[in-house]
Amino acid sequence: MKAVVLAAGKGTRLQPLTDDLPKALVQVDGKPLLTHCLDELVSLDADEFVIAVGYRQKQIIDYYGNSYDGVPITYVHQEEPAGLAHALLQAEPEIEDDFMLMLGDNVFRGNLSTVVQRQREQRVDCAFLVEEVPEKEASRYGVCVTNKYGEITDVVEKPDNPPSNLVMTGFYTFSPAIFKACSLVQPSDRGEYELSDAIDLLMDSGRTIDAVRLNGWRIDVGYPEDRDAAEQRLSGETATLTSDGGNIPQ
């Protein structure tokens with residue numbers, strides 16, 4: 001399965017860390033954010049990376065070249081920051097079958113393989129990880145609306161008044177049907193083409209959607225304090241491995 005990674009963002013909220021770097025190359029625990037993403041996707045047996053780049057894209061291309069850990073890389077270009085659905089559409093020419101999608105500013109430790117398994121075994125059109133976050137943080141994410149049975153009926157991107165604290169985490173699998181949905185999305189109030197709106201269109205058309213609760217943790221590195229929190233988490237893992245006599249992952 002191919003893996004698309006969206007890494008075109010400028011990272012304005014991460015300044016001054018992004019004054020001279022694209023967001024994807026901000027260091028977290030000794031390696032770039034994008035490297036953390038690619039490592040997770042390698043562990044999920046990604047057979048090709050399609051990386052959407054934009055802001056300071058040459059730095060990313062020069063850093064990774066045409067492959068990572070033996071997996072070939074194709075770069076696609078989002079020239080204007082017009083939202084996640086717009087960024088994903090740039091990858092359409094490179095995708096023929098079901099694929100993974102990861103937002104390139106997340107650090108994950110969790111059950112991502114369950115999402116891939118749902119896509120492969122149940123032939124859904126979309127599966128994604130969800131988690132509960134503190135209510136004050138929900139407005140940073142795509143928020144899920146559920147019915148009385150706990151089924152997801154709607155997703156709303158970064159609402160001012162979140163209808164719940166259940167949010168999408170930044171890891172998805174899709175069938176190619178998502179590209180048609182992305183092409184039909186209209187700009188949101190934020191002026192962006194939202195991925196959550198495309199997922200809503202899939203739901204409305206009767207496509208099969210599956211949400212998987214995150215078992216583990218992830219940190220969306222949007223602010224400098226998020227990077228600090230991710231480093232503390234990762235440093236804690238390293239300390240545990242060392243005290244247990246295990247190997248420290250490279």
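Taken as a whole, the structure leaves K136 outside the set of residues that are in a loop (DSSP other than H, G, I, E, B) and either without any contact (Cβ under 8 Å) to a residue 24 or more places away in the chain or open to solvent by 50 Å² or more (accessible area, probe 1.4 Å) (or both). Checking each residue in the range 144-160 for being open to solvent by less than 20 Å² (accessible area, probe 1.4 Å) and either in a loop (DSSP other than H, G, I, E, B) or without any contact (Cβ under 8 Å) to a residue 40 or more places away in the chain (or both) picks out only P159. If you check I73 against the conditions, is it within 20 Å of D97 (Cα to Cα), at pLDDT 95 or above, of a type outside the set (K, R) and touching an Asp or Glu at 6+ places or on another chain (Cβ under 9 Å)? For I73, the condition - within 20 Å of D97 (Cα to Cα), at pLDDT 95 or above, of a type outside the set (K, R) and touching an Asp or Glu at 6+ places or on another chain (Cβ under 9 Å) - is met. Which of the residues belonging to the range 20-61 are loosely packed, with under 15 Cβ neighbours inside 10 Å, farther than 21 Å from P81 by Cα and not basic (K, R)? Within the range 20-61, Q27, G30, S43, D45, D47 qualify.
Across the range 161-170, a minimum of one residue is classified as in contact (Cβ under 8 Å) with a residue 60 or more places away in the chain, crowded, with 20+ Cβ neighbours inside 10 Å and of a type in the set (S, T, Y). Does L6 satisfy the condition of being under 26 Å from N215 (Cβ atoms), outside any helix (DSSP H, G or I) and aliphatic (A, V, I, L, M)? Here the answer is yes, as L6 does meet what is asked.
Restricting to the range 119-133, and then to whatever is part of a helix (DSSP H, G or I) and within 14 Å of R207 (Cβ to Cβ), can you tell me which residue is modelled with the highest pLDDT? It would help to see each step written out before you state the result.
From the range 119-133, those part of a helix (DSSP H, G or I) are 119-122; that's our starting set.
Next, from what is left, pick out any that are within 14 Å of R207 (Cβ to Cβ): 119, 122.
On the way: Q119: 92, Q122: 81.
Checked the range 119-133; the qualifying residue modelled with the highest pLDDT is Q119.
Among the conditions (1) open to solvent by 10 Å² or more (accessible area, probe 1.4 Å); (2) out of contact with any Cys (no Cβ under 8 Å at 6 or more places or on another chain); (3) in contact (Cβ under 8 Å) with a residue 40 or more places away in the chain, L129 misses just one, which is (1).
The values are calculated or read from the model by the stated rules, or taken from the named source; none is laboratory data. All figures in this text were calculated on a predicted structure; none of them were measured in a lab. Reconstructed Cβ throughout: ideal geometry from the backbone, glycine too, with neighbour counts over all protein chains shown. Heads up: the accessible areas ignore ligands, DNA and RNA and are worked out on the full protein's heavy atoms, side chains in. Shrake-Rupley method; radii C 1.70, N 1.55, O 1.52, S 1.80 Å.
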